[in-house]
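The next block holds one structure in the form of structure tokens; read it before the comments.
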Amino acid sequence: MIIVKSREEIELMRESALIVSKTLGMIASEIKEGVTTLYLDKLAEEFIRDHGAVPSFLGLYGFPNSLCMSPNSQVVHGIPNNTPLQSGDVISVDCGAFKNGYHGDHAYSFEIGEVAPETKRLLQVTKESLYVGIREFKLGNRVEDVGNAIQKYTESHGYGVVRELVGHGLGQKMHEDPEMPNYGKRGRGKLFVEGMVVAIEPMINLGTRNIKQHKDGWTITTADGKPSAHFEHDVAIIDGKPEILSTFGYIYKALGIVSNEEDEFRKVPLVL
């Protein structure tokens, strides 16, 4: 069952989403060669709590940490550890925060040092596909319209679209209806309605779309060992159109990146 949110609830969700955005911005300032993911995880937990929220992932379904940190061939759900990051790594950092009864949840894939051109291109196309999908999240469209748009865009570049892992509705629970796959056929799936809030999150592989789960019960990697990319935004339907509740702006500020990619999805410019 889709749980529709009021404007007041959406504003509370925006607050939670922006705590995640600020956390990822802080991580962007700290993530570099030689740093461990466990160190970054501890920083994130402290940061989230200092902002009056609690980490959504910590203890969720038994997950042991506040961040999912998935380097290179890891697709999602990587557990932070004491292995230092190396130049050439790429790593998906997925973060959640719970405040005022609502979750925020989004992700960004970072480059560490000098990254191979083909991997850099994978990250760029995956991030572009996120916005391609968001454009289809509007009144009158259906779930698989989003997935179809992401699938067509990424497969046109020769990449593999993961099938087993999907986006989701978001609210008082981390995972609500509907599931939001990154593939599909136009015109299929649940109808989008005013007040829906979802997490759209393309998970795209440089090679095969096939994945495997490891014995720890969490870590998921590409079947061929090639890199994977993951980007995620929280999005609401407001006045029939998609509005992004999260932002990569804090990341870009930390990294010195200038971007207007989110502007079309905001009624009011975001002030960082």
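Mean-square fluctuation check for the chain, GNM, Cα pairs under 10 Å: which of His168, His230, His157 is largest?
Result for the chain, Cα springs under 10 Å: His157 fluctuates most.
With N residues in the chain, what two-decimal value do you get for its Cα radius of gyration over 2.2 N^0.38 Å?
The chain yields a ratio of 0.92.
Just subtract the alpha-carbon distance of Leu60 and Ser156 from 0.36 nm times their residue separation and send over the number in nm, one decimal.
In short, 31.0 nm is gained.
Using alpha carbons only, how many angstrom separate the centre of the stretch 52-106 from the centre of the stretch 166-198?
Centre-to-centre (Cα) distance: 21 Å.
When the accessible area of the chain is split by element with a 1.4 Å probe, what percent falls to carbon and sulfur?
Answer for the chain: carbon and sulfur cover 50 percent of the accessible area.
Counting Lys and Arg as +1 and Asp and Glu as -1, each charge on the Cβ, what is the dipole of the chain about the Cα centre in debye, to the nearest 20?
Taking the Cα centre of the chain as origin, the dipole is about 520 debye.
Amide H to amide H under 5 Å from Asn65: which residues, 5+ apart in sequence or cross-chain, H placed 1.01 Å off N in plane?
Long-range HN contacts for Asn65: Gly59.
Heavy-atom accessible area per residue, the stretch 7-265, 1.4 Å probe: how many Å²?
Per-residue value: 40 Å².
Could you give each residue of the stretch 120-127 its phi-based ³J(HN,Hα) in whole Hz, using Karplus coefficients 6.51, -1.76, 1.60 with θ = phi - 60°, and x for Gly or Pro?
4, 5, 4, 4, 5, 5, 5, 5
Please tell me the relative contact order of the chain in percent, rounded to the nearest whole number, where contacts are Cα pairs under 8 Å and at least six residues apart.
23 percent
To two decimal places, what compactness ratio does the stretch 114-184 give when its Cα radius of gyration is scaled by 2.2 N^0.38 Å?
1.20
For Thr208, list long-range residues whose amide hydrogen, built 1.01 Å from N in the peptide plane, is under 5 Å from its own amide hydrogen.
Answer set, sorted by chain and number: Asp224.
The values are calculated or read from the model by the stated rules, or taken from the named source; none is laboratory data. Predicted model, so just to flag it, every value in this text is computed and none were measured. Ideal geometry is used to build each Cβ from the backbone, glycine not excepted, and the neighbour counts take in all protein chains shown. What goes into the accessible areas is simple: the full protein's heavy atoms, side chains included, and nothing from ligands, DNA or RNA. Shrake-Rupley method; radii C 1.70, N 1.55, O 1.52, S 1.80 Å.
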